[in-house]
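Inspection log for the structure reproduced underneath, given as structure tokens.
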Amino acid sequence: MTEAAPRKTSLHARHVAAKGRMVPFAGWEMPIQYTGIVDEHQAVRTAAGLFDVSHMGELEMKGEHAAAVVDYLVTNDASKLVDGQAMYTACCNEQGTILDDLIVYRAAQDRWLIVCNASNHAKIAAHFEKAAKDHCDFADRSDETALIALQGPKAFDILDKAGADAAKLRDLPSFRFRDAVVGNVRCTVARTGYTGEDGVEIFCAWNDAPALWDQLMELGAPLGVKPAGLGARDTLRLEARLSLYGNDIDETTNPIEAGLGWVVKLDKAMFVGKDALAAIKAAPLARKLVGFEVEGRGIARHGYPLRDVDGNEVGVCTSGSPGPTVGKNIGLGYVPTAMATIGTKLLVDCRGKNIEAVVVKTPFYKRS
Amino acid sequence: MEFPAGLKYTKDHEWAKVDGNRVTVGITAFAVEQLGDITLVSLDVKVGDVLSVGKTFGTIESVKTLSDLYAPIDGKVVEVNQDLDGSPELVNEDPYGKAWMVVIEAADAAALAELMDDKSYGDHVKAAS
């Protein structure tokens, strides 16, 4: 099979101009880093970072029954949302394993936006389109929608300088969104993110993204904003213990063992995977996703086996890297429930070397 | 990007400095740039170990990735840079100096003649990037 050439976002030229190192990612050519992963990570923790996440999928569900269809496809309770509110959720199959993790936005009772991972875009678009058939309107808005994340303690100080309306975004509560004007660009701004920092994610028209990017970079320069790539996005989300689809969760894992039980609402109306998830929740869990710190000299990586102190293979590391803010090498992995207790000693098999690690409380990093 | 003259270079982006039959080995500025922030250097050999061309003598890890380190020549390890243990950032700061990794006593230092000089390595990097 020949692979199609990777797609480019409307910010591609900006990334190249900023010396971003472009890599293939989920069918796109995206910047993994500009100045360096640690430098960008620290900028987001101490000032602000600007991320191009236009590769993500944006799906629209419209019509009288859109609310019911969306609610049927996700594990969290979409019926509790009010206009202008968003929620994080899993989207499961009938077996109760995870098709994707999503943010679902209720613009109105009859108008919903769903943001999915780029790696799952085709699968989730087909899943929603099929469910919408004969019930509500489905539209894939991904080709016309850009998404920029502005994250970090200075995010709102930068927005203060982007016009009277943008300055009021500071009052937007967590997981709320609204239409806004940022600089001279009309957009939709949500107080969400994937870094463990405060900030916003900004949707705008595909071709408006360069103008928005330039203004945020220019206004943010005196406050220390930096462009940040996929590498920093990964270390930031890992420290905050936010799941990465394809690493920590996938179609072989269920939300309960992944620590996402809080987005599974068994008391809501019927939804895909409900029966399976009820059974999973009723039985003792075989394994759990835990956070660990590596105590020896080694860096855990995705796919490395996890062992008990006697050397028996008991699980697998799903994500791992140095944590630039926590100052330790950290990771996530599945282990038997009996070994999921904080303080349990583990060994990470780093390519044949068993390196000591210990199960710790997560998130590894929480902003103060 | 600097590739000092007088060093020999491998296609795996290591440099070798020859002094009689003593061969000092490290990684190039291009390798450093590709790796990004170096966070761990594991030199898995000790003085006296015998290496052959292409055998791994350690690993170098950045935030994102891990790379193997390969012996550029047959010989015996006579020195291992212990400073990299606690200060992996030396590789970013001074790849051709303080971040040397091992010294190998070559069985036949003349074999290094097959490696690239700074000019052909520069071309090799251009082709790779």
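The values are calculated or read from the model by the stated rules, or taken from the named source; none is laboratory data. Keep in mind that this is a model prediction, so the values were computed, not measured. Using ideal geometry, Cβ is built from the backbone for each residue, glycine included, and neighbour counts are taken over all protein chains shown.
Looking at the range A:296-319, which of the residues that are touching a residue at least 60 places away in the same chain (Cβ under 8 Å) and within 14 Å of chain B (Cβ to nearest Cβ) is surrounded by the fewest Cβ atoms within 10 Å (Cβ to Cβ)? Working first, answer last.
The first filter runs over the range A:296-319 and keeps only residues touching a residue at least 60 places away in the same chain (Cβ under 8 Å), leaving A:296, A:318-319.
Then drop every residue that is not within 14 Å of chain B (Cβ to nearest Cβ), which leaves A:296, A:319.
On the way: A:GLY296: 13, A:SER319: 25.
Per the stated criteria, the residue is A:GLY296.
Table: residues versus (1) within 23 Å of A:ALA67 (Cβ to Cβ); (2) touching a residue at least 40 places away in the same chain (Cβ under 8 Å).
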| residue | (1), (2) |
| --- | --- |
| A:VAL104 | yes, no |
| A:LYS130 | yes, no |
| A:PHE138 | yes, yes |
| A:LYS161 | no, yes |
| A:ASP165 | no, no |
| A:PHE175 | yes, yes |
| A:ASP179 | yes, no |
| A:VAL182 | no, no |
Given the structure, is B:ASP74 charged (D, E, K, R), away from chain A (no Cβ under 14 Å) and over 15 Å from the mean Cα position of the chain (by Cα)?
no
Would you be able to tell me the number of residues in the range A:165-196 that are in contact with an Asp or Glu (Cβ under 7 Å, 6 or more places away or on another chain), of a type in the set (A, V, I, L, M) and not in a strand (DSSP E or B)?
1
Reported set for the range B:22-35 where residues are modelled with pLDDT of 95 or more, not in a strand (DSSP E or B) and not aliphatic (A, V, I, L, M) is B:THR28, B:PHE30
Selection within the range A:280-295 - more than 14 Å from chain B (Cβ to nearest Cβ) and within 23 Å of A:TYR245 (Cα to Cα):
A:ILE280, A:LYS281, A:LEU285, A:ALA286, A:ARG287, A:LYS288, A:LEU289, A:VAL290, A:GLY291, A:PHE292, A:GLU293
Provide a single number: the residues in the range A:65-96 that are out of contact with any helix residue (DSSP H, G or I) (no Cβ under 8 Å at 6 or more places or on another chain) and among the polar types (S, T, N, Q).
2
Are any residues in the range B:71-95 touching a residue at least 40 places away in the same chain (Cβ under 8 Å), buried (at least 18 other Cβ atoms within 10 Å of the Cβ) and under 22 Å from B:ASN21 (Cα atoms), and if so, which ones?
B:ALA71, B:PRO72, B:ILE73, B:GLY75, B:PRO95
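Can you find even one residue in the range A:228-235 that is touching a residue at least 24 places away in the same chain (Cβ under 8 Å) and of a type in the set (Asp, Glu)? Walk me through it before giving the result.
Step one: filter the range A:228-235 for residues touching a residue at least 24 places away in the same chain (Cβ under 8 Å), giving A:228-235.
Keeping just the survivors that are of a type in the set (Asp, Glu) gives A:234.
Among the residues of the range A:228-235, at least one is touching a residue at least 24 places away in the same chain (Cβ under 8 Å) and of a type in the set (Asp, Glu), which makes the answer yes.
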When you check A:GLY231 against the structure, is it within 30 Å of A:LYS328 (Cα to Cα), touching a Gly at 6+ places or on another chain (Cβ under 9 Å), in the same structural domain as A:GLU40 (by TED's automatic domain parsing) and assigned to a helix (DSSP H, G or I), yes or no?
yes
Condition test on B:SER42, is it farther than 21 Å from B:SER129 by Cβ, crowded, with 17+ Cβ neighbours inside 10 Å, of a type in the set (S, T, N, Q) and free of Cβ contacts under 8 Å to residues at least 40 places away in the same chain?
yes
Going residue by residue through the range B:80-103, is there one that turns out to be assigned to a strand (DSSP E or B), in contact with a Gly (Cβ under 9 Å, 6 or more places away or on another chain) and within 14 Å of another protein chain (Cβ to nearest Cβ)?
no
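So, A:THR235, is that one hydroxyl-bearing (Ser, Thr, Tyr) and within 14 Å of chain B (Cβ to nearest Cβ) or not? Give the steps one after another, and end with the answer.
Working: hydroxyl-bearing (Ser, Thr, Tyr): yes; within 14 Å of chain B (Cβ to nearest Cβ): yes.
Here the answer is yes, as A:THR235 does meet what is asked.
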Checking A:ALA26 against (1) outside the structural domain of A:LEU216 (by TED's automatic domain parsing); (2) touching a Ser or Thr at 6+ places or on another chain (Cβ under 7 Å), which single condition isn't satisfied?
(1)
Looking at the range A:327-361, which of its residues are outside any strand (DSSP E or B) and either surrounded by fewer than 16 Cβ atoms within 10 Å (Cβ to Cβ) or assigned by TED's automatic domain parsing to the domain that holds A:ARG233 (or both)?
A:GLY327, A:THR337, A:ALA338, A:THR341, A:ILE342, A:GLY343, A:ARG351, A:GLY352, A:LYS361
